[in-house]
Amino acid sequence: MSGSLDRFKTAFNQLNKDRLDLLDEIYTPDVAFRDPVHELQGLPALRDYYGRLYQGVVSCRFDFEDEVIAGPQGMLVWIMRFQHARFRAGETLELRGVSHLKFRDDGKVFLHHDYFDMGAFIYERVRLLGGVIRMIKSRL
């Protein structure tokens, strides 16, 4: 199991708009993927999703801080650091999150569920919307 998790981490730090073929090496054809914004079924849908995500990405790096392995599944605690050409151009953005991964016997992921705070990451960084969200949070 540790080797599968290591392959996954390595692939994610090599992934970019020109290296989407790496997805075939770490996911099963019927992979189920979910994050706070999307729920996808199948490798073609996941490849399209990552293709859209990586458009405009200047750099992207995952720092994996911790992992838990339990049988054929694992949890990765990570910080994604990236720069985007259009969103907050020139700024290195950070997103903290956790990925829950379930592996088949061949070491490929058939379930990938990401957990992260979309509000803190995107919504609070949009000028007008960010101010409103910060004001609401300060009153809670």
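Counting just the residues of segment 42-79 that are acidic (D, E) and free of Cβ contacts under 8 Å to residues at least 12 places away in the same chain, which one comes out farthest from K102 (Cα to Cα)?
That would be D48.
This table checks each residue for (1) over 15 Å from the mean Cα position of the chain (by Cα); (2) modelled with pLDDT of 95 or more.
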{"site": "T10", "(1), (2)": "no, yes"}
{"site": "N16", "(1), (2)": "no, no"}
{"site": "L22", "(1), (2)": "no, yes"}
{"site": "Y27", "(1), (2)": "no, yes"}
{"site": "V31", "(1), (2)": "no, yes"}
{"site": "V37", "(1), (2)": "no, no"}
{"site": "L40", "(1), (2)": "no, yes"}
{"site": "P44", "(1), (2)": "yes, yes"}
{"site": "D48", "(1), (2)": "no, yes"}
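The values are calculated or read from the model by the stated rules, or taken from the named source; none is laboratory data. None of the values given here were measured: they were computed from a predicted structure. Note that each Cβ is placed from the backbone with ideal geometry, even for glycine, and that neighbours are counted across all protein chains shown.
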